[in-house]
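Take a look at the structure below.
Just so you know, all these numbers are worked out from the coordinates, no wet-lab data involved. The structure presented is a predicted model; accordingly, all values stated were derived computationally and were not measured. Note that we place each Cβ from the backbone using ideal geometry, even for glycine, and neighbour counts take in every protein chain shown.
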Amino acid sequence: MDTSLLDIHALRQTFPRADGGELLVLDGIDLHLAQGQIVGLLGRTGSGKSTLLRSIAGLMAPSAGTITYLGRPVTAPAPGMFSMMPRARSCRPRWATGRAVSQSGARTG
């Protein structure tokens, strides 16, 4: 029985540059998550964390590579499946994460 929740293979994300070139943000990302796993995503500012999450949520198509969720290709946002709360001034730094999420109205599926 395959318990694969999320599979990412050879993910690559680039953005156009003003000079006509490309800015490489993600390159060769491979990730397999099984159901029941809990994962944290850490990295410096500008390292591609949000870009990766947007790709997983179907908010942006990768430049190359594949993302599958429960065995199905991710090609667009799935209603109610993902939520994302970016860091913003509306987040209060002294609040615990749980309180910040509950106060933001963020939903999960």
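Here are some notes:
Yes or no, residue by residue, for (1) out of contact with any strand residue (DSSP E or B) (no Cβ under 7 Å at 6 or more places or on another chain); (2) surrounded by 12 or more Cβ atoms within 10 Å (Cβ to Cβ); (3) not charged (D, E, K, R):
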residue: Arg17; (1), (2), (3): no, no, no
residue: Gly20; (1), (2), (3): yes, no, yes
residue: Val25; (1), (2), (3): no, yes, yes
residue: Ile29; (1), (2), (3): no, yes, yes
residue: Leu42; (1), (2), (3): yes, no, yes
residue: Gly46; (1), (2), (3): yes, no, yes
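- Residues of the range 50-80 that are in a helix (DSSP H, G or I) and polar (S, T, N, Q): Ser50, Thr51, Ser55.
- For the range 1-12, the condition of being more than 14 Å from the chain's Cα centre (by Cα) and free of Cβ contacts under 8 Å to residues at least 12 places away in the same chain holds for at least one residue.
- Residue count for the range 13-59 under the criterion of being more than 12 Å from the chain's Cα centre (by Cα) and hydroxyl-bearing (Ser, Thr, Tyr): the result is 3.
- Residue tally, condition over 12 Å from Leu6 (Cβ atoms) and of a type in the set (Ser, Thr, Tyr), over the range 34-77: 6
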